[in-house]
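The structure under discussion appears below in the form of structure tokens.
The values are calculated or read from the model by the stated rules, or taken from the named source; none is laboratory data. Source: prediction; values computed, not measured. So basically every Cβ, Gly included, is an ideal-geometry build from the backbone, and we count neighbours across all protein chains shown. All accessible areas refer to the heavy atoms of the entire protein, side chains included, with ligands and DNA or RNA removed. Shrake-Rupley method; radii C 1.70, N 1.55, O 1.52, S 1.80 Å.
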Amino acid sequence: MSSMIATRDAYGETLAELGGEDSRIVVLDADLSGSTKTGVFAKKFPERFFNMGIAEANMVGTAAGLAAVGKVPFLSTFAIFAVGRAWEQVRQSLAYPKANVKVVATHGGVTVGEDGGSHQSVEDVAIMRAVPNMTVIVPADGVETKAAIRAAAAYKGPVYVRLGRNKVPTVFPADYRFEIGKGTELVAGTDLTFITTGLMTAQAVTAAEQLKKEGVSARVVHIGTIKPLDREIIAKAARETGVIVTAEEHSIVGGLGSAVAEVLAEECPVPLKRVGVNDRFGTSGKAEELLKYFGLTAEDLVEAGREMLARK
Amino acid sequence: MNEQVTHLEEKARQLRVAIVKTLHKSQSGHTGGSLSAIDMVTALYFHKMRHNPSDPSWEGRDRFVLCKGHAAPAQYVALAEAGYFPKEDLMTLRRLGSHLQGHPDSKVTPGVEVCTGSLGQGLSMAVGMALGLRLDQRDNRVYALLGDGELQEGQVWEAAMAAAHYKTDNLCAMVDANGLQIDGEVAKVMNVGPIADKFRAFGWQTLEIDGHDMGAILAALDKAETLKGAPTVIVARTVKGKGVSFFENKASYHGVPPSDEELPRALECLGEQCNL
Ligand SMILES: Cc1ncc(C[n+]2csc(CCOP(=O)(O)OP(=O)(O)O)c2C)c(N)n1
Ligand SMILES: [Mg+2]
């Protein structure tokens, strides 16, 4: 885990590259282009950038219209506003007609920090996952973000990508190949499996290293695409390691943990512990403090791993 | 009246100092929009509104909704000054465990009526309050403070339509028209003007003032109370960052707190010695 980069920065860079490769790409933002990093694209391709003002619902509808005439719109704002404020527009105008629009939301999760609970989206993955036709991607680092944004551009249909505000460690090698719908085994292991997404994947890798020192062989499976879900890699982990710990910077209601629970219940019931935000709203504080406060650190995962081993 | 204006002007200056110190301490939060709104907030809390800091849920109180919730520091310093909680608490703004959250949270802060922070939702809640209070045959008034960028949200106009339709003349909206939002000038990002004309077309009474002229603010608030049969909006021309010369009219200071280096200079602009 060498370099640190915010996934939103990786997005801004990739989007600007894509703009040069495909003239159909247009970008919309709602007065947050500095924060979401769509400003990088706006600078390079001002005529293909539309600042829609603080009007997220209208932004989603406008993107649907642009898609209907053959453009490939990427729209960005904070996760809470993309999914929260404009949910039914996303459902009706994007998902229902399978519009070729990419909703790339930044500032997902509690690491938004000081802005507090009103701005910390802990339910967006659950909400987007419930919408038919929607693809849901939560990258772990900058490398995966770049690859996922390219995959989203190449894919025909609505995609939701959830990115973060702060720098996160790079877990993937530069030559990592991202495929929509495929999970990745990052660390091999036989005693238990951490199934993780977003910034929790780096924490799981650290937790696995710690457990190794205690003689425990922990597998780490990263789920970059929450939907469609790689059921196979999950069932295989259940069969081979017997217990599962999921981890996400999101509510344990409806997100990765719930998605994994569904697969386990249907295909290979084994003990499961869901690490995530425990059905509560976020709060103001520094990002690092909040990860501790909500129990989202490598130490919390080590603890959860030990607890699950005892249940084997 | 003149004496009262002078008194409120001094109060507003002190509250600007408190905003700057609070945001310097938190090193996170919205400086520009707090400073542009504080004269109106001062007029409401220390002159116009009936309220009782020792009994925040007193039934006779007028209601205040900070629709542009990111200006929470402006409301917090006023609440502290009025006595809703100790002024020392301001130094906990945005900290883990603080009752002063990044955006107004009625669950934890005495004197805050509803949760805001997602722009465009506050005016609807203010309309609901106005309707409910009227149903109870109360004469309490409802004040809602909006940003000009915030007016881009469609919900604001849904609320404007409902307020006029239901003739909520117990509602007074105030627009902090500082001409800036995050990505730049409101007129360039997504023009909302002419603001007063739009509200008039929606059936509102409109007043236009300089939002830093305390006498004009008080006169407009008094006038609004006399206008019957429709809600009133006060469109207040303001300067984002008002009072701290190097913050003024700069979109880049929207969400940036004063640095260590800027603090003494900012306090100096506000006629305050820096003895930190
Ligand atoms: C629904 C929603 N979208 C986006 C934001 C992010 N945001 C916070 S402040 C702001 C700009 C507000 O501009 P304005 O209303 O003019 O406020 P002021 O200039 O008084 O600070 C934006 C876009 C938000 N808080 N809510
Ligand atoms: Mg403004």
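Taking into account only those residues within region B:80-104 that are part of a helix (DSSP H, G or I) and in contact with a His (Cβ under 9 Å, 6 or more places away or on another chain), which is nearest to the other protein chains (Cβ to nearest Cβ)?
B:THR92
Condition (residue is touching a Pro at 6+ places or on another chain (Cβ under 7 Å) and away from ligand 1 (no atom under 16 Å from the Cβ)) applied to region B:143-164: is it met by at least one residue?
Yes: region B:143-164 contains one or more residues that are touching a Pro at 6+ places or on another chain (Cβ under 7 Å) and away from ligand 1 (no atom under 16 Å from the Cβ).
Which members of region B:241-265 meet the condition of being open to solvent by less than 50 Å² (accessible area, probe 1.4 Å) and within 23 Å of B:VAL5 (Cβ to Cβ)?
Result: B:GLY241, B:GLY243, B:VAL244.
Quick one: which of B:GLU208, B:GLU225, B:GLU185 is out of contact with any Ser or Thr (no Cβ under 7 Å at 6 or more places or on another chain), more than 14 Å from chain A (Cβ to nearest Cβ) and under 14 Å from B:ASP148 (Cα atoms)?
Working: B:GLU225 fails: under 14 Å from B:ASP148 (Cα atoms); B:GLU185 fails: more than 14 Å from chain A (Cβ to nearest Cβ).
Within the list B:GLU208, B:GLU225, B:GLU185, the selection yields B:GLU208.
Within region A:62-84, can you find the residues that are out of contact with any Gly (no Cβ under 6 Å at 6 or more places or on another chain), within 14 Å of chain B (Cβ to nearest Cβ) and open to solvent by less than 30 Å² (accessible area, probe 1.4 Å)?
A:SER76, A:THR77, A:PHE78, A:PHE81, A:ALA82, A:VAL83, listed by residue number.
Looking at region B:107-137, which of its residues are exposed (fewer than 15 other Cβ atoms within 10 Å of the Cβ) and either more than 14 Å from chain A (Cβ to nearest Cβ) or within 28 Å of B:ASP148 (Cβ to Cβ) (or both)?
Selection gives B:GLY132, B:LEU135, B:ASP136, B:GLN137.
Quick one: B:THR232 ticks every box in (1) surrounded by 16 or more Cβ atoms within 10 Å (Cβ to Cβ); (2) within 13 Å of ligand 2 (Cβ to nearest atom); (3) not aliphatic (A, V, I, L, M) except a single one, so which number is it?
Single failed check for B:THR232: (2).
What number of residues within region B:197-226 satisfy the criterion of being of a type in the set (A, V, I, L, M) and open to solvent by 10 Å² or more (accessible area, probe 1.4 Å)?
5
Does region A:73-88 contain at least one residue that is more than 17 Å from A:MET128 (Cα to Cα) and either assigned to a helix (DSSP H, G or I) or away from ligand 1 (no atom under 12 Å from the Cβ) (or both)?
So far as region A:73-88 goes, yes, one or more of its residues are more than 17 Å from A:MET128 (Cα to Cα) and either assigned to a helix (DSSP H, G or I) or away from ligand 1 (no atom under 12 Å from the Cβ) (or both).
If you check A:ALA95 against the conditions, is it free of Cβ contacts under 8 Å to residues at least 40 places away in the same chain and open to solvent by less than 10 Å² (accessible area, probe 1.4 Å)?
no
Which of the strands (runs of 3 or more DSSP E) found entirely inside region A:193-311 contain at least 2 residues meeting this: under 30 Å from B:GLN27 (Cβ atoms) and touching a residue at least 12 places away in the same chain (Cβ under 8 Å)?
Once the strands (runs of 3 or more DSSP E) in region A:193-311 are filtered for at least 2 residues that are under 30 Å from B:GLN27 (Cβ atoms) and touching a residue at least 12 places away in the same chain (Cβ under 8 Å), what remains is A:244-251, A:272-277.
Based on what the data block shows, is B:ARG16 open to solvent by 10 Å² or more (accessible area, probe 1.4 Å), farther than 24 Å from B:LEU96 by Cα, more than 14 Å from chain A (Cβ to nearest Cβ) and within 16 Å of ligand 1 (Cβ to nearest atom)? Before you say what the answer is, go through the steps one by one.
Values: open to solvent by 10 Å² or more (accessible area, probe 1.4 Å): yes; farther than 24 Å from B:LEU96 by Cα: yes; more than 14 Å from chain A (Cβ to nearest Cβ): yes; within 16 Å of ligand 1 (Cβ to nearest atom): yes.
Yes; evaluated as a whole, the condition is true for this residue.
So which of B:LEU145, B:LEU151, B:LEU96 is closer than 30 Å to A:ALA57 by Cα, in contact with a helix residue (DSSP H, G or I) (Cβ under 7 Å, 6 or more places away or on another chain) and without any contact (Cβ under 8 Å) to a residue 60 or more places away in the chain?
Checking each option against the conditions leaves just B:LEU151.
Within region B:236-276, track down each residue that is modelled with pLDDT of 95 or more and polar (S, T, N, Q).
Correct list: B:THR238, B:SER245, B:ASN249, B:SER259.
Quick check on A:VAL122: is it buried (at least 23 other Cβ atoms within 10 Å of the Cβ) and either among the β-branched types (Val, Ile, Thr) or in contact with a Pro (Cβ under 9 Å, 6 or more places away or on another chain) (or both)? Reasoning before the result, please.
Working: buried (at least 23 other Cβ atoms within 10 Å of the Cβ): yes; either among the β-branched types (Val, Ile, Thr) or in contact with a Pro (Cβ under 9 Å, 6 or more places away or on another chain) (or both): yes.
In short, yes.
Return the residues of region A:15-57 that are crowded, with 22+ Cβ neighbours inside 10 Å, within 17 Å of A:ALA86 (Cα to Cα) and of a type in the set (Gly, Ala, Ser); say none if nothing qualifies.
A:ALA30, A:GLY53, A:ALA55
Where residues in region A:29-46 are more than 8 Å from every other protein chain (Cβ to nearest Cβ) and outside any helix (DSSP H, G or I), which of them is farthest from ligand 1 (Cβ to nearest atom)?
Among those residues, the one meeting the criterion is A:PHE45.
Take B:GLY29 and tell me if it is open to solvent by less than 20 Å² (accessible area, probe 1.4 Å), in contact (Cβ under 8 Å) with a residue 12 or more places away in the chain and in a loop (DSSP other than H, G, I, E, B).
Against the criterion (open to solvent by less than 20 Å² (accessible area, probe 1.4 Å), in contact (Cβ under 8 Å) with a residue 12 or more places away in the chain and in a loop (DSSP other than H, G, I, E, B)), B:GLY29 qualifies.
Yes or no: region B:36-50 includes at least one residue that is within 13 Å of ligand 1 (Cβ to nearest atom), open to solvent by less than 40 Å² (accessible area, probe 1.4 Å), within 14 Å of chain A (Cβ to nearest Cβ) and not basic (Lys, Arg).
no
Identify the residue in region B:140-162 that is facing another protein chain (nearest Cβ under 10 Å) and part of a helix (DSSP H, G or I) and, among all such residues, is surrounded by the most Cβ atoms within 10 Å (Cβ to Cβ).
B:GLY149
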